[in-house]
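The values are calculated or read from the model by the stated rules, or taken from the named source; none is laboratory data. Everything numeric in this text was worked out from a predicted model, so none of it was measured. Don't worry about glycine lacking a Cβ; one is built from the backbone with ideal geometry, like all the others, and counts go over all protein chains shown.
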């Protein structure tokens, strides 16, 4: 196990979000340019280096899934079975022969085994918000609820969770981390191969009585487990606005520390930077990319194609390297009557 859960507790840290060092450069590497209106939702890099992205597109009023694979330095469209109409919002892979993607609307589950695509559907209204493919016979999917779905190589089974869990990250089959919330508190949970348990935490101070906290993403970088999210509460003269404080939690063995930025929208995604630090996506529309080294947070605006706004929704690191991918959509500025969106790839390293 990289990080122990022992007596880990949240300790309120110093404010974060101020640039302390030069931030490595991100760049737009490609847009999809597919027929119709399209957007990418998620990206993953398998331990083998096989790199995949998923999303959706609209052509002549019909929805089609998008799956693309990185070939050399170019992202290429992957041929899918005719008739598939499910938009895809989550993807993860353990190799080029074990790729899983999940639908955002109808609970679809699609699988590539290196030779062919197959599809199925979760029952009971389960729609995955995140997933991790540990191996061909070990896949976890979560949906923000109190049960997960687990693939054992033959079938999907339901597994009870100790909190509302919307994000999951596996180090190994017996060392899996997850994040979400319980009531109004942000929660980190851990799977040891036999059971899920909540890691003990302390409550953050509330700026308002109705403030809630939740973790939106969780990952591992070096010896650290990182969970990111936000604290939110009603604000404004009539209480009809929502205010946020970005939140990041670092667990290292039995020691832990949280960082709460004084302003800005919530942190949405996190990925290792390949050097023991962390990248955080803050917001979605024209978001910030925050680089964490030690206790220092350095923020910079995400790049975008000239004349366009971007909406970024995912981060993924290629293990053993400093390469980190982000994906989303690119849309013309100026609010045109019929804007055409394209999927966009952004890379660091």
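Report whether or not residue 56 is surrounded by 15 or more Cβ atoms within 10 Å (Cβ to Cβ) and at pLDDT 95 or above.
Yes; evaluated as a whole, the condition is true for this residue.
Would you please list the contacts, defined by Cβ atoms under 7 Å and residues six or more apart or on different chains, that run from a residue in the range 122-142 that is without any contact (Cβ under 8 Å) to a residue 24 or more places away in the chain to a residue that is part of a loop (DSSP other than H, G, I, E, B) and crowded, with 22+ Cβ neighbours inside 10 Å?
Pairs that qualify, where the first residue is without any contact (Cβ under 8 Å) to a residue 24 or more places away in the chain and the partner is part of a loop (DSSP other than H, G, I, E, B) and crowded, with 22+ Cβ neighbours inside 10 Å, are 126/143.
What pairs come up if the first residue lies in the range 162-173 and is under 20 Å from residue 135 (Cα atoms), the second is modelled with pLDDT of 95 or more and not in a strand (DSSP E or B), and their beta carbons are under 9 Å apart, counting only those six or more places apart or on different chains?
Short answer, once both residue conditions are applied: 167/129; 167/144; 172/193; 173/193.
Looking at this structure, is residue 315 buried (at least 24 other Cβ atoms within 10 Å of the Cβ) and farther than 16 Å from residue 247 by Cα? Give the steps one after another, and end with the answer.
Details: buried (at least 24 other Cβ atoms within 10 Å of the Cβ): yes; farther than 16 Å from residue 247 by Cα: yes.
Criteria met by residue 315.
Considering only residues that are crowded, with 16+ Cβ neighbours inside 10 Å and more than 20 Å from the chain's Cα centre (by Cα), which ones fall in the range 59-74?
Once the filter is applied, which keeps residues that are crowded, with 16+ Cβ neighbours inside 10 Å and more than 20 Å from the chain's Cα centre (by Cα), the range 59-74 yields only 64.
Just for the range 154-163: of the residues that are touching a strand residue (DSSP E or B) at 6+ places or on another chain (Cβ under 9 Å) and under 17 Å from residue 122 (Cβ atoms), which one is surrounded by the most Cβ atoms within 10 Å (Cβ to Cβ)?
161
Does the range 177-193 contain at least one residue that is more than 20 Å from the chain's Cα centre (by Cα), within 25 Å of residue 317 (Cα to Cα) and part of a loop (DSSP other than H, G, I, E, B)?
Yes, the range 177-193 has at least one match.
Considering the range 56-80 alone, what residues qualify as being touching a residue at least 40 places away in the same chain (Cβ under 8 Å) and outside any strand (DSSP E or B)?
Selection gives 73 alone.
Restricting to the range 77-112, and then to whatever is surrounded by fewer than 19 Cβ atoms within 10 Å (Cβ to Cβ) and under 19 Å from residue 147 (Cα atoms), can you tell me which residue is farthest from the chain's Cα centre (by Cα)?
Filtering the range 77-112 for residues that are surrounded by fewer than 19 Cβ atoms within 10 Å (Cβ to Cβ) and under 19 Å from residue 147 (Cα atoms), the one farthest from the chain's Cα centre (by Cα) comes out as 106.
Considering only the range 224-242, how many residues are more than 27 Å from residue 313 (Cβ to Cβ) and either surrounded by 14 or more Cβ atoms within 10 Å (Cβ to Cβ) or modelled with pLDDT of 95 or more (or both)?
0
Residue check, residue 114 against (1) modelled with pLDDT of 95 or more; (2) part of a loop (DSSP other than H, G, I, E, B); (3) farther than 19 Å from residue 48 by Cα, all met but one. Which one?
Against the list (1) modelled with pLDDT of 95 or more; (2) part of a loop (DSSP other than H, G, I, E, B); (3) farther than 19 Å from residue 48 by Cα, residue 114 comes up short only on (3).
With free of Cβ contacts under 8 Å to residues at least 40 places away in the same chain, closer than 29 Å to residue 328 by Cα, surrounded by fewer than 21 Cβ atoms within 10 Å (Cβ to Cβ) and out of contact with any strand residue (DSSP E or B) (no Cβ under 7 Å at 6 or more places or on another chain) as the only criterion, which of 194, 115 stands out? Break it down into steps so the answer makes sense when it comes.
Working: 194 fails: closer than 29 Å to residue 328 by Cα.
The conditions single out 115.
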